[in-house]
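Working notes, beginning with the structure itself.
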DNA sequence: GTATGTGCAAAGGCTTTGCACACGT
DNA sequence: ACGTGTGCAAAGCCTTTGCACATAC
């Protein structure tokens, strides 16, 4: 299954997101496309201000509006980064996903995936709720801080 | 194991928290005690502003300072309530804990516990991190909003 | 050509801080 | 008595909103 595009996994998400944005009746506008392409290049979560800082030519309000729209369409999702901060990262169109481990001391974030955990999560049923997604954050201390 | 105090499970946490606060060299002051007693009575997470609203005689800054200290001592922890809001709830001294399911539409929060999930979580090992805690949030739509 | 999208600047909401006074030990 | 704790008000941050101009379709 490995293909030549494996080294640029973001291309898939970028074009997928662009398609979905258009399917939703939104325009393929310059500023929003810059946000999409930037997020497509990231492997892990960035805060709204991180995104804004990386795109000096895009207004901050536009960054926030783009985040809102992308989240609405389920193209990105928010993750708790500790310390009153939220990050955003792309949602893999294949359904593949990971969770995060955050260092309490320095705020360092690393992704991780665990199949047993996913199984356990998908077993959960809750009366009165239709569950659509889940977020798991592990907290601890990283080597540098320990 | 059921005892007469089961109907007031919060008493344990309240006195435990008070003891820990004093052990940390902090004083048993009026305002902070009010925050502790209030949190002890809650069964689920409250935001800083919820806490402030419930304690009109305690200054807002004091509420935030108390939250900071209680979190530092691991007597409460923060939970993601969706929509840019964080809630705080007591940490059970017996180690007992639950997670949350949040309605995307109305923000309703319900606690849940799942033993298989806890097992899976405790199996996780991650090089370069000493894991101390975890947070799990399920998201979905509740009956009223569906 | 028209409705959507954008950037700026202002407003808003939550959280933190500075400081003088109050209180616990 | 001393140092911690408190409340108020001001400042700080991040996020959202209003509005005139620009751009995609």
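The values are calculated or read from the model by the stated rules, or taken from the named source; none is laboratory data. Predicted, not measured: the structure shown is a model, and the values here were computed from it. With ideal geometry, Cβ positions are generated from the backbone for all residues, glycine too; neighbour counts draw on all protein chains shown.
Restricted to region B:111-127, and to residues there that are at the interface with chain A (Cβ under 7 Å from one of its Cβ atoms) and at pLDDT 90 or above, the residue that is nearest to residue A:113 (Cα to Cα) is B:124. Please verify whether residue B:60 is modelled with pLDDT of 95 or more, within 13 Å of DNA strand D (Cβ to nearest atom) and out of contact with any helix residue (DSSP H, G or I) (no Cβ under 6 Å at 6 or more places or on another chain), treating the condition exactly as stated. No; evaluated as a whole, the condition is false for this residue.
All conditions but one from (1) outside any loop (DSSP other than H, G, I, E, B); (2) within 14 Å of chain B (Cβ to nearest Cβ); (3) more than 13 Å from DNA strand C (Cβ to nearest atom) apply to residue A:17; the one that does not is (2). Counting only strands (runs of 3 or more DSSP E) that fall entirely inside region A:40-146 and contain at least 2 residues that are under 14 Å from the mean Cα position of the chain (by Cα) and touching a residue at least 60 places away in the same chain (Cβ under 8 Å), the qualifying elements are A:109-112.
Scanning region A:63-80 for residues that are within 14 Å of another protein chain (Cβ to nearest Cβ), within 8 Å of DNA strand D (Cβ to nearest atom) and surrounded by fewer than 19 Cβ atoms within 10 Å (Cβ to Cβ) gives A:64, A:68.
Would you confirm, using the coordinates I've provided, whether residue A:36 is touching a helix residue (DSSP H, G or I) at 6+ places or on another chain (Cβ under 9 Å), at pLDDT 95 or above and surrounded by 12 or more Cβ atoms within 10 Å (Cβ to Cβ)? Considered against the rule, which asks whether it is touching a helix residue (DSSP H, G or I) at 6+ places or on another chain (Cβ under 9 Å), at pLDDT 95 or above and surrounded by 12 or more Cβ atoms within 10 Å (Cβ to Cβ), residue A:36 comes out as yes. Looking across region A:81-109, the residues that are away from DNA strand D (no atom under 16 Å from the Cβ) and loosely packed, with under 14 Cβ neighbours inside 10 Å come down to A:92, A:94, A:95, A:96, A:105, A:106. Inspection of region B:42-49 identifies at least one residue that is closer than 23 Å to residue A:80 by Cα, within 15 Å of DNA strand C (Cβ to nearest atom), surrounded by fewer than 17 Cβ atoms within 10 Å (Cβ to Cβ) and modelled with pLDDT of 95 or more.
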